[in-house]
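Comments concern the structure below.
The values are calculated or read from the model by the stated rules, or taken from the named source; none is laboratory data. Predicted model only: the values in this text are computed from it and were never measured. So basically every Cβ, Gly included, is an ideal-geometry build from the backbone, and we count neighbours across all protein chains shown. Just so you know, the surface numbers come from the protein's heavy atoms only, side chains and all, with ligands and any DNA or RNA stripped out. Shrake-Rupley method; radii C 1.70, N 1.55, O 1.52, S 1.80 Å.
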Amino acid sequence: MIRKNRMLHIPENENNFLFGVRGSGKIDLLKRLFPPSPLILYIDLLDTSIYQDYLSNSGQFYETINAFRNDGLIIVDEIQKIPHLLDEVHRLIESSHRRFILTGSSARKIKATKGVNLLGGRAGRKFLHPFLPEELGEDFNLKEALCYGLLPIVWSSTNRSSKLRAYTETYLTEEIKAEALVRNLPAFARFLEVAALYHGQVVNMSAIARDSGNKMHHMRNFFSILEDTMLGFFLPAYQAKLRVKEQKSNKFYLIDPGIARALKKNFGPVSVEEKGFLFEGLIAQILRAYKDYRDIYDTVYYWSSSEAKRTEVDFLLKRGTELIAIEVKAKTQVSSQDYRGLKAIKELPAVKRRIVVYLGKTIRKTEEGIEIWPFDFFCENLKEDFASPVVHK
């Protein structure tokens, strides 16, 4: 695992859930923030012997922690493996004010237990995302990121293609089959291939059900599994009273370009046809990470007109009463035809900035006030304050 400085901060004196997809580096981060010492107790539920002991007798879990020093920090890895341990965690927090960090790569089983309320509000929620350009610094390479993604477990490998292939196979067996999240694994595997084709697109449940040979209610369940295992997320449409009618269907993204390609069995160079969706998905994930890490906006949407074809805005960031509109283009040159959506959305009075993020090198501003930002410049501004005036560096 490449040991990079991660942006996520986790206070030592608070109870927290730390969620993140498998391979995002949760334990690696925690061991850097809280190095092993007499004050730290690590419990790894991926260890078969520990898992079996606590699965059959959760009282042993309580006794292990009860024997540990009161001023220590207890870190439990992959708590969703035995979700009923949350009862014991809750009891220990209440009775002896113990401090816990509980990691998880799936919230699905936790939702089915008393932990659905996340310990009655006694623990915060933190999310660890794939690597960001800011975290990788000079080691970041956009071409490699679009091809193999930015999951630490893949990015750190000397053979990223092979690791990515193994990762998706492991996901199917460990996260889905071993956790018994679906009864029909072949049907879910077919769904994954079709769902990957919708990466960065408006979701048509009927079409996906038809193309994957599944029923509609199975589709909804399968998508919820991707959300609960943090491998995918939906982007809602922005609703407002504009002159044109907005679409109301959600867009769907997988959290990583590499995963999106691997689920389609694409392990070679990125094709021209897929580059745009992969670049847009990368921006979507970067924005999500900065929301969790630095709270740079309140909510993110997309906007699209159902009356004017190809008139859309990829991302609409809401911050207070203001909106920032962002269009993403995987091109080295952009023209007015590439940001028709940004022109149309000008009718929204709350829109204070309209930005195109592209693969070129020149920073520009059109007569209509639309800002043209290279990807590198976009990342640099995220480091500061995205809603602040542009600072040329």
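Could you tell me whether A145 is at pLDDT 95 or above, assigned to a helix (DSSP H, G or I) and either open to solvent by less than 10 Å² (accessible area, probe 1.4 Å) or farther than 30 Å from K361 by Cα (or both)?
So A145 passes the test.
Going by what's in this entry, would N5 be described as open to solvent by 60 Å² or more (accessible area, probe 1.4 Å), within 22 Å of the chain's Cα centre (by Cα) and not hydroxyl-bearing (S, T, Y)?
Spelling it out, N5 is indeed open to solvent by 60 Å² or more (accessible area, probe 1.4 Å), within 22 Å of the chain's Cα centre (by Cα) and not hydroxyl-bearing (S, T, Y).
When the range 323-336 is examined, which residues are found to be open to solvent by 60 Å² or more (accessible area, probe 1.4 Å) and either hydroxyl-bearing (S, T, Y) or at pLDDT below 95 (or both)?
Correct list: T332 only.
Quick one: G137 ticks every box in (1) open to solvent by 10 Å² or more (accessible area, probe 1.4 Å); (2) at negative phi bar one, so which box is it?
(2)
Among the listed residues A196, A189, which satisfies the condition of being modelled with pLDDT of 80 or more, touching a strand residue (DSSP E or B) at 6+ places or on another chain (Cβ under 7 Å) and more than 16 Å from N250 (Cβ to Cβ)? Steps first, answer last, please.
Numbers: A189 fails: touching a strand residue (DSSP E or B) at 6+ places or on another chain (Cβ under 7 Å).
Result: A196 is the single residue among A196, A189 that is modelled with pLDDT of 80 or more, touching a strand residue (DSSP E or B) at 6+ places or on another chain (Cβ under 7 Å) and more than 16 Å from N250 (Cβ to Cβ).
Scan the range 337-362 residue by residue and report those that are open to solvent by 50 Å² or more (accessible area, probe 1.4 Å), closer than 27 Å to G320 by Cα and free of Cβ contacts under 8 Å to residues at least 60 places away in the same chain. Don't jump to the end; show me each part of the working.
So the first thing to find is which residues in the range 337-362 are open to solvent by 50 Å² or more (accessible area, probe 1.4 Å), and the list is 337, 340, 343, 346-347, 349, 352, 361-362.
Subsequent filtering for residues that are closer than 27 Å to G320 by Cα retains 340, 343, 346-347, 349, 352.
Listed by number, the residues that qualify are R340, K343, K346, P349, K352.
Which numbered condition trips up T158, out of (1) open to solvent by 10 Å² or more (accessible area, probe 1.4 Å); (2) modelled with pLDDT of 90 or more; (3) part of a helix (DSSP H, G or I)?
(3)
Output yes when any residue across the range 290-305 is surrounded by fewer than 19 Cβ atoms within 10 Å (Cβ to Cβ), of a type in the set (S, T, Y) and assigned to a loop (DSSP other than H, G, I, E, B), and no when none is.
no
Within the range 291-303, can one find any residue that is touching a residue at least 60 places away in the same chain (Cβ under 8 Å), farther than 18 Å from C379 by Cα, in contact with an Asp or Glu (Cβ under 7 Å, 6 or more places away or on another chain) and not charged (D, E, K, R)?
The answer is yes, given that some residue of the range 291-303 is touching a residue at least 60 places away in the same chain (Cβ under 8 Å), farther than 18 Å from C379 by Cα, in contact with an Asp or Glu (Cβ under 7 Å, 6 or more places away or on another chain) and not charged (D, E, K, R).
Could you go through the range 60-73 and let me know if any residue there is open to solvent by less than 20 Å² (accessible area, probe 1.4 Å) and among the aromatic types (F, W, Y).
yes
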